[in-house]
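Enquirer: Would you mind keeping the following structure in view while I ask a few things?
The values are calculated or read from the model by the stated rules, or taken from the named source; none is laboratory data. Treat the numbers as computed from the prediction; the structure is a model and nothing was measured. All Cβ positions, glycine included, derive from the backbone under ideal geometry; neighbour counts span all protein chains shown.
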Amino acid sequence: MRVRCVRLLTAATFLLGGAAVQAHPHAFVDGGIDFVISDRAGVATLDALHVTWLLDEFETLYMLSAAKVGLNSDGLLDSTDREAFTEQMRAWLANFDGSAHARHGASPIALEQPRSLEVAIVDGRLKLTFDRMLSEPLAVSGQEVEVGFYERTYFYAHTVTQPAKVKGAANACEARTFAFDPDSQSADLQATLQQLGREDVPDDTNVGVLFADRVLLQCD
Amino acid sequence: MRLALTLGLVLVLGVAVFSAVDMQALAQWAMARQREFQNAMAGSVRGLRTGEAGAWAGLLAAAAAYGFVHAVGPGHGKYLIGGVGVGSSVSARRLVSLALISSLMQSLWAIVLVYGGLALLAYSAHELTAFAEGVLAPASYLAVAAVGGVLAWRGLRALAVVMRTPDHSTEHHCGCKGHGPTPDDVANLHSVKDSMMLITSVAIRPCTGAIFLLIITWNMDIRLAGAVAVIVMGLGTAGLTTLVAVSSVVARGVALASAHGHGVASTVLAAFQFISGVAVIWISVLLLRLALGI
């Protein structure tokens, strides 16, 4: 009898825990990563990552409202509002580490804070594009560089939705994208994360990496 | 023995229902729909701003649908409504009314909080969100746990009375009082105080989707649309809690019909009340721990 009660209550608890909806992730970002390559004395060199974010429609309106900026009667941003909003976004993006996490082999590649930020509204969605310069340009001839497209705490769920491009001296390199491959372990973890509120931070503050889409640069 | 069999059967049925549904899949489904309806609301809000035909209807439809799927998650009092339905002799009609009023009060409170907070106190969107999640959500869980405590205490007291009565199997046969509480005597939320307690505990925490929508509509100067949409969102939430209310009362009715045949209805109802009270406390404490990160 007692065992049955416990099982029932446990089942009820799972129902509530599993169905939590004010959960991580709270907002969804499509977009991707492009690579900016230069030719330095015949050596392909990675100078920067060009990052594109396209926020979902609801989060777009919330972010604009939180920044006290509104859409005009065409559903777009007036130039004054766009400038004010861009200014706020510059400070904000720095807190989110720019959502690009690059590695060369086992070593993380140091990236500068986002710059050249541009803001636009595309079909009701906020589009942000910005560059992350490498702290030190990296010779990539005959090398591979992998970039994870994620935000560490998984407040924002990022998905690569555009093909990765190579800009600049593009002949020697090609870029490919790899979508996150879900497995049962990540499903369990996602169920746990769904219990976190908007103001909460998960215990593992680098949990976003576990669900990341990746972009790979390969150079001859 | 009969009591154990009856209760056991109901509990096993309950576990079977929970086990038959893939909770994770349900949660993922609810989240995906929420995202869909949130974006539909956003599209309609933009439509209102740009004078698009049908934007009002689109916003209200999306808000109602959002309210329903959002209520699949915790914090909307559905577990409290279900617990009360199983563990008291409240009628389905009364419980449905309580579910509806709770949801509407939750919506009204969201409107007062956000529009009042923005207009009178110059709160920022971040401050409002943080207040709702950091203060009001835990307060609601505590209040719901308190209602669960009342349920459990009354159930325990009723059980004690039933057990002290020499021949409690004769209830309803002699037509007199004094043989222990009948199902109607057990807490049935007849009093205004009980109802207010239940409604307040649910309504104290506004739905996060409602807060975001109101922040958006306030900023975009379509405030009436935002307020109406949030009321309709509350009706969508009430749609789900109403289903829970009716299901819980039916489940209790089935169990009691069987128990009544064995002359142990009072005992079963008292036991249900105690168990559902404890379940409500347990779930509230779990949610409180999650909310406080402890």
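Enquirer: Please give the number of the condition B:VAL90 fails out of (1) part of a helix (DSSP H, G or I); (2) at pLDDT below 80; (3) more than 7 Å from chain A (Cβ to nearest Cβ).
Expert: (1)
Enquirer: Does B:ALA160 qualify as being in contact with a Lys or Arg (Cβ under 8 Å, 6 or more places away or on another chain) and either polar (S, T, N, Q) or assigned to a helix (DSSP H, G or I) (or both)?
Expert: No; evaluated as a whole, the condition is false for this residue.
Enquirer: Now, a different point. What tally of residues in the range B:276-289 results from selecting those that are surrounded by fewer than 22 Cβ atoms within 10 Å (Cβ to Cβ) and not aromatic (Phe, Trp, Tyr)?
Expert: Total meeting the criteria: 6.
Enquirer: Considering only the range A:96-147, state which residues are within 12 Å of A:LEU49 (Cα to Cα), without any contact (Cβ under 8 Å) to a residue 40 or more places away in the chain and part of a strand (DSSP E or B).
Expert: Hits for the range A:96-147 are A:ARG115, A:SER116, A:SER135.
Enquirer: Okay, moving on. Scanning for something under 13 Å from the mean Cα position of the chain (by Cα), aromatic (Phe, Trp, Tyr) and surrounded by fewer than 17 Cβ atoms within 10 Å (Cβ to Cβ), does the range A:94-105 turn up at least one residue?
Expert: Yes, the conditions are met somewhere in the range A:94-105.
Enquirer: With the requirement that a residue be under 12 Å from B:LEU240 (Cβ atoms) and not aliphatic (A, V, I, L, M), what does the range B:75-101 give you?
Expert: Residues satisfying the conditions are B:HIS76, B:GLY77, B:LYS78, B:TYR79, B:GLY82.
Enquirer: Could I ask something else about it? Specify the residue that is farthest from B:MET220 (Cα to Cα); the eligible residues are those in the range A:67-82 that are facing chain B (nearest Cβ under 7 Å) and surrounded by fewer than 21 Cβ atoms within 10 Å (Cβ to Cβ).
Expert: Top of the filtered list is A:ASP74.
Enquirer: Counting just the residues of the range A:156-177 that are within 17 Å of A:CYS219 (Cβ to Cβ) and in a strand (DSSP E or B), which one comes out nearest to the chain's Cα centre (by Cα)?
Expert: That would be A:THR177.
Enquirer: Could you check the range A:28-82 and list, in sequence order, the residues that are on the phi > 0 side of the Ramachandran plot and either outside any strand (DSSP E or B) or of a type in the set (A, V, I, L, M) (or both)?
Expert: Within the range A:28-82, A:ALA41, A:GLY42, A:LYS68, A:GLY75 qualify.
Enquirer: If I filter the range A:38-66 down to residues being surrounded by fewer than 19 Cβ atoms within 10 Å (Cβ to Cβ) and hydrophobic (A, V, I, L, M, F, W, C), which single residue comes out as nearest to the other protein chains (Cβ to nearest Cβ)?
Expert: Filtering first and then ranking leaves A:VAL43.
Enquirer: Counting only residues that are more than 7 Å from every other protein chain (Cβ to nearest Cβ) and not hydroxyl-bearing (Ser, Thr, Tyr), which one in the range B:273-286 is farthest from the chain's Cα centre (by Cα)?
Expert: Ranking the candidates gives B:PHE274 first.
Enquirer: Another one. One residue is enough: does the range B:240-250 have a residue meeting the conditions out of contact with any His (no Cβ under 8 Å at 6 or more places or on another chain), surrounded by 21 or more Cβ atoms within 10 Å (Cβ to Cβ) and either without any contact (Cβ under 8 Å) to a residue 24 or more places away in the chain or under 24 Å from B:PHE131 (Cβ atoms) (or both)?
Expert: Scanning the range B:240-250 turns up no residue that is out of contact with any His (no Cβ under 8 Å at 6 or more places or on another chain), surrounded by 21 or more Cβ atoms within 10 Å (Cβ to Cβ) and either without any contact (Cβ under 8 Å) to a residue 24 or more places away in the chain or under 24 Å from B:PHE131 (Cβ atoms) (or both).
Enquirer: Taking B:ALA122, is it outside any helix (DSSP H, G or I), surrounded by fewer than 20 Cβ atoms within 10 Å (Cβ to Cβ) and within 14 Å of chain A (Cβ to nearest Cβ)?
Expert: Taking the combined requirement at face value, the residue satisfies it.
Enquirer: Looking only at the range A:12-26, decide whether some residue is modelled with pLDDT under 80, assigned to a helix (DSSP H, G or I), more than 14 Å from every other protein chain (Cβ to nearest Cβ) and buried (at least 19 other Cβ atoms within 10 Å of the Cβ).
Expert: So far as the range A:12-26 goes, no, none of its residues is modelled with pLDDT under 80, assigned to a helix (DSSP H, G or I), more than 14 Å from every other protein chain (Cβ to nearest Cβ) and buried (at least 19 other Cβ atoms within 10 Å of the Cβ).
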